[in-house]
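Nothing in this text is a laboratory measurement; each read-out follows from the coordinates by a stated rule. The model shown is predicted, which means the values in this text are computed figures rather than measured ones. FYI the Cβ positions are ideal-geometry reconstructions off the backbone, even for glycines, and counts take in every protein chain you see.
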Amino acid sequence: MSAKHMAPGPSDPKKRPSQGPAYRASHVRQTASPYGRSQTAGPQPSPHRATRASRTAAAPTASASAAPAPSRHGASELDRVKSRSGRPAPGKRRRRGPRWWQVTLIVVAVLAVVAGACGFAMYQDVKAIQSEVGNVKQEFAVYKDALMNGKSDQLSGSAASLAQSTQTMADHVSSPLWALAELAPVYGQDVRQARELVNSANILTHNGLVPFSNSLNGVSVKSLVKDGGQVDIPILQKVIDAVLEVQGPLKDTIHTVQSMEPFHIQKLNDLIDSTRSALSTASDLLDEADDVLPQLPSMLGANGETKTYLVVALNNVETRSSGGFPGSWGTMTVTDGKIALGDFSAIQGLRQEGGTGFSPTAEEVAAFDMGSVVDNPGSSMMTPQFPRAAEAAAQSWLAFKGQAVNGVVAIDPVFLQALLAVTGRSVDVGGVHVDGSNAAAVLMHDTYWNLPVEAQDAFFASVAGSSFQAVFQGLGHADSGDLAKTFMDGALARNFQVWVADEAQEAAIDALGFSGGLEDDPAKPVLGTYTNDYTWSKMDWYLDMRTSVGKGTKNPDGSTSYPVTTTVTNAMTEAEAASAPYYVYGGNPDKRSQGDMLTHLYLMAPAGGSISNVQGTGGVFSAAQHTVYGFDEWTCALQENPGETTTVTYTVTTSPQATEPLAVDRTPAARTFS
């Protein structure tokens with residue numbers, strides 16, 4: 001609204017008219033009232049209003065004689081008092097005040113212009129941040145490639161680029177406009193959390209990623225493991241120090257993301273939710289790093305100390321709860337990271353006066369029929385608790401060979417084949433070529449169908465020993481990422497398991513997930529489905545076991561009950577049964593036919609949970625309940641002729657403390673079935 005449309009008033013001297021006669025005619029100076037206060041006379045009434053006022057004054061009233069005398073300006077004190085009350089006095093004309101609604105519109109318009117300018121500025125910031133996010137994604141791909149492939153000389157430059165991008169993003173969100181935007185209702189929280197996320201990422205790159213990368217600068221991570229099976233201890237120590245250095249900033253970033261409230265913008269929620277699972281895994285790994293990393297140099301014989309480990313080659317075609325029958329065993333020594341393998345020999349038939357020196361518990365004997373382990377080293381793997389199985393194997397080695405070991409490493413043909421594949425190695429034994437495509441089939445099928453019985457165990461031991469040697473020779477050629485994945489996958493499937501006598505080092509092994517120990521955390525419920533062969537043969541090439549878990553039902557006490565079905569099928573055909581060698585089909589006198597397969601299935605409840613309603617149909621079935629290692633356990637004796645299936649149904653109830661869905665663990669199979 002322009003100035004010429006505003007009502008004049010005394011507040012702005014520029015708006016006052018000149019003080020000529022006209023002004024003095026309508027405005028008077030301040031005068032003292034009879035009460036000692038100054039009054040400013042208003043404009044003189046018009047003739048029309050004066051007439052009305054005189055008529056009113058002339059009307060006779062009871063109080064007329066008491067009315068105060070008019071002032072010399074012609075207005076009574078009563079008139080002036082009424083004017084002060086906000087109502088026009090008789091004979092007075094109301095002064096035209098400012099048009100406040102018009103002023104309000106001006107203020108709103110100005111604010112709209114300011115808000116638009118601020119919004120545009122923030123919009124420009126958001127566009128710039130989006131651009132930097134794209135740069136971060138591209139650069140992180142470069143950084144990941146350099147890290148996974150041992151290109152340590154590229155890490156520092158890549159980390160510096162990431163730090164530059166996150167700093168640019170942090171500079172944009174540090175402006176006062178962003179701080180002001182946090183005060184906005186509803187979406188102010190989104191702005192605050194977005195700023196926290198950007199600043200956290202910036203701190204991570206500057207205080208974590210850059211120092212980590214600089215620490216590894218010039219360090220060839222690919223040369224950490226060299227040909228011949230040697231681990232470079234100095235390089236390992238540098239890697240450990242670098243990882244421990246990045247721990248703090250990474251943990252802070254993980255905490256920031258995981259503690260965020262839901263955003264009001266769904267795209268932001270989708271972004272955060274997609275990273276939470278990965279960050280949770282990273283958080284678990286960081287928690288374990290303090291326990292694991294400092295132990296590794298000692299386990300690898302740092303400072304000239306020699307460590308001796310018993311290596312046991314398991315054979316899954318004669319299933320044992322911890323993996324398979326120990327077909328052969330030998331030692332591996334490590335000094336300053338250099339690995340050397342001894343000779344491997346067969347275990348089958350080993351007996352001696354005085355036995356193994358290992359004594360199973362009454363619970364182990366009742367549940368897993370481990371009584372024979374006192375005399376037979378081959379019975380050591382009948383328990384699914386690998387640390388106990390490893391103790392039995394180590395004690396047996398000491399009894400039979402007179403040598404104490406620092407730990408036990410168990411490897412089956414499935415894992416051995418994966419190692420040959422990742423290292424690109426192969427061996428030729430007795431005219432048989434073994435590599436990363438056929439090792440499992442050669443060791444667990446062809447050996448027993450194609451070789452005479454008296455040569456089978458020796459052939460298995462020879463192939464296992466030669467393959468281990470070849471793998472160690474080729475470790476330096478393997479891709480570090482692929483090699484790490486091979487070990488992690490093997491441990492997850494229980495194809496690769498490690499036990500160490502030293503308690504602190506065993507805790508590190510368990511934290512890595514290599515221990516093969518039963519899950520004892522009630523918050524993480526795991527159902528165990530483990531098997532021991534009772535056909536007395538190499539029949540389990542045909543063992544097809546599958547478990548399905550139904551929908552859980554929450555119970556009043558907080559526990560959850562799941563309906564579970566486990567099927568065990570004998571995948572051998574009648575034709576194969578008719579032509580199979582004796583060493584394959586076995587000699588248990590309880591067999592109903594040459595192809596009959598006898599198995600004990602062990603159902604182990606989750607920690608703090610239970611198993612109930614165990615029933616079986618098809619084949620031959622019986623069940624007995626036990627308690628072992630603090631777990632509720634059911635031993636199911638099964639028999640299936642070729643092509644026959646036993647179906648076992650039961651209910652698994654978790655502990656009330658369970659916070660995760662029910663998972664299933666199992667004895668590793670000789671092969672997978674479609």
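What to note about this one:
- Distance between the modelled labels on Asp428 and Phe673, one decimal in nanometres: 3.7 nm (7 Å Cα→Cβ projection).
- Cα-based Rg and Dmax for the range 482-541, where Dmax is the largest Cα-Cα distance (Å): 14.4, 40
- With a simple spin-label model that places each label point 7 Å from the Cα along the Cα-to-Cβ direction, the separation between Asp287 and Leu398 comes to 3.4 nm.
- Quotient of the Cα radius of gyration of the range 518-666 and 2.2 N^0.38 Å, N being its number of residues: 1.14.
- Cβ-based exposure ranking for Lys267, Lys251, in which fewest neighbours within 10 Å come first: Lys267, Lys251
- As a calculated quantity, the FRET efficiency between Asp145 and Gln352 at R0 = 60 Å, using C-beta atoms, amounts to about 0.65.
- Per-residue Cβ neighbour rank within 10 angstrom, fewest leading, Ser674, Ser561: Ser674, Ser561
- When the pairs Lys144/Lys338; Lys151/Lys267; Lys226/Lys524; Lys151/Lys524; Lys144/Lys226 are compared against a 31 Å limit on Cα-Cα distance, Lys151/Lys267; Lys226/Lys524; Lys151/Lys524 fall above it.
- Mean Cβ neighbour count within 10 Å, used as a protection proxy, ranking 414-420, 452-458 highest first: 414-420, 452-458
- Full-extension gain in nm, Asp479 to Ser437, via 0.36 nm per residue minus C-alpha separation: 13.3 nm
- With R₀ fixed at 56 Å, the C-beta to C-beta distance from Leu268 to Gln657 puts the FRET efficiency at about 0.95.
- Förster radius 45 Å - calculated FRET efficiency between Asp252 and Ser610 (Cβ-Cβ, nearest 0.05): 0.65
- Between Ala362 and Gln130, the modelled labels are 7.3 nm apart [label points 7 Å from Cα along Cα→Cβ].
- Centroid-to-centroid separation of the range 315-376 and the range 505-534 [C-alpha atoms, Å]: 19 Å
- Each peptide in 164-174, 390-400 gets a packing score, the mean of other Cβ atoms within 10 Å over its residues, and the list from highest to lowest is 390-400, 164-174.
- Paramagnetic reach from Asp520 (point 7 Å along Cα→Cβ, amide N under 18 Å) across the range 495-510: 498-510
- Distance-filtered residues of the range 487-531 - backbone nitrogen under 18 Å, label point 7 angstrom along Asn555 Cα→Cβ: 521-528
- Cut-off under 5 Å, modelled amide H: who pairs with Ala663 long-range: Val526, Leu527
- Tail beyond 15 Å, pair distance distribution of the range 383-436 (Cα, percent): 62 percent
- Residue separation of Thr567 and Leu183 scaled by 0.36 nm, minus their Cα-Cα distance, works out to 132.2 nm of gained length.
- Least to most buried among Met382, Met545, Met370 (fewest other Cβ within 10 Å first): Met545, Met370, Met382
- Separation between Cα centres of the range 383-399 and the range 651-674, rounded to whole Å: 24 Å
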